[in-house]
1. Using a 10 Å cut-off around each Cβ of peptide A:146-158, what is the average number of partner chain Cβ atoms that fall inside?
2. Let me check I've understood the local charge: for A:S135, count other residues with C-beta under 14 angstrom from its C-beta, Lys and Arg +1, Asp and Glu -1. What total comes out?
3. Using a Förster radius of 22 Å, what is the FRET efficiency between B:A10 and A:R158 based on their Cβ-Cβ separation? Nearest 0.05, please.
4. To the nearest 10 Å², what's A:W72's accessible area with a 1.4 Å probe?
5. At q = 0.19, 0.23, 0.27 Å⁻¹, work out log10 I(q)/I(0) for the range B:26-76 with the Debye formula, treating every Cα as an identical point scatterer and leaving solvent out; two decimals please.
6. Apply 1/(1 + (r/R0)^6) to the Cβ-Cβ distance of B:E65 and A:S363, taking R0 = 35 Å, and write down the FRET efficiency to the nearest 0.05.
7. Pairs of Cα atoms under 8 Å, at least six residues apart: use those to get the relative contact order of chain A, whole percent.
8. Tell me the label-point distance for the pair A:M116, A:A8, using the 7 Å Cα-to-Cβ offset, in nm and rounded to one decimal.
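The values are calculated or read from the model by the stated rules, or taken from the named source; none is laboratory data. This structure is a prediction, so every number in the text was calculated from the model and none was measured. Glycine also receives a Cβ, built like all others from the backbone with ideal geometry; neighbour counts cover every protein chain displayed. Please note that ligands, DNA and RNA were not included when accessible areas were found on the heavy atoms of the full protein model with its side chains. Shrake-Rupley method; radii C 1.70, N 1.55, O 1.52, S 1.80 Å.
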Amino acid sequence: MPFNRLEATLELIGREFPGSYRLEASDDLFERLDGEPGEDDAPPEDIPLDQLCAIAFTSGSTGTPTHHEKFWRTLVVSTASSARLLDVPRDDTIHLVATIPSQHMWGLETAILFPMLENAAISDKAPFYPADIVSALAELPEPRGLVSSPVHLDALMRSGLEVPSLDRIYSATAPISPEQARKLEDHFSARLIEAFGCSETGIISSRETAREDLWLVSDSLRIEARNDDFIVTGDHLPEPVMLPDTIEMQGDHHFRWLGRHQDMVKIGGKRESLSDLNLQLAAIDGVDDGVIFMPDSGSRHPAALVVSRQLSARAVRRELGRHVDAVFLPRPIFIVDELPRQETGKIARKALLAAYSDLLRDSARKSQ
Amino acid sequence: MREQTEHERALAELIVEALNLEDVKPEEILPDDPLFGDGLGLDSIDALELALAISNTYSIQITAEDEGVQEAFATLGKLSEYIRENAD
């Protein structure tokens, strides 16, 4: 499960992990990433618990992806817990449509593992646009469920299209506000259950956001505070995992989510570190100085100020795009004469934001 | 490179506005430049946002089932052509 689908990333994984396969449902593509001929043995019907089933990659701060091995044991235990967290019906099969790709943990756990291990069936459609989501749902019998993300749910609601009756809406990848949760529940007349997790652990917790503020922790996981960090452990996890988030425990089984660690950016369900983005920017030929930052935590994109005598904003974006997933490409990119660096060379966030808002104001004035 | 047509210009304005492209001017989006990937660097969330804006402005439902859609999102020129062919 690559952290993005850039060819450069797939080549890297193919080199580092011989025996990896490239699977693409859309064109029945099934080939080994390292170019060796594949085995065409049918998969065994009973999967051994110690079978390595997937490797989830997250982008690391050094530019090399970090990998997390998923053994069948881990997936079986976490799927059972996740089904309880998301209240997957026990007596009636729920018919799911997923708008999110299954090479993400969120997609793997819901669109692939729920149908394999729980009382759920999944549509083979991978709809993206609102009209496609509606037609995929219309093909399914009741009760129906939609596995999605805040962005897709918001687009579906704003499309104004009539959506077939839904029983459950599952959302992950980014937080939904209680107001938005109530709006979505009213609009779709369905229960919205939010899931929270990461590639390393899968789903950690859930909440019914319209009615609940606190997250309920999975019955197969424990969260412990260690200094300022939070560590997730579970008997089925190969190793303890440090959360890339700041939370506040409320008793043993609930927590309040406070935000992500300063350096982390999460957009469209993908996670990236700002330091890594800045390394990629600095590595571009013709970039003399530059900084990529999040103007505020809710920004849809990071922004960048770049000092370059040769490159336009567009050229910088194109160069970055060779190594960085499009969701993390800064917008806007401003070409400037110098960065607001202090004598020590550091950039104070306050000075950076002031320079940025001046540039935004200037560009708005020019375009009028 | 040829200049934008009037329809393309209006569409470029819609793209810049709907996607909040602060550092792009509508006239800079050339009819044959890719919108995604190497061009404007748009991503899949932009595609969704753009589809909504097009539905609202031109009364067309964008669906991936329609094979023309992928091609239409390639460039400003292609998108403009697709909208003119499919608008009510």
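1. Partner Cβ neighbours, averaged per residue: 2.
2. Charge balance in the 14 Å sphere: -4.
3. 0.55
4. In the full protein context, A:W72 sits at about 30 Å².
5. Relative scattering, expressed as log10 I(q)/I(0), comes to -0.67, -0.96, -1.21.
6. Here the calculated transfer efficiency is 0.35.
7. 10
8. 3.2
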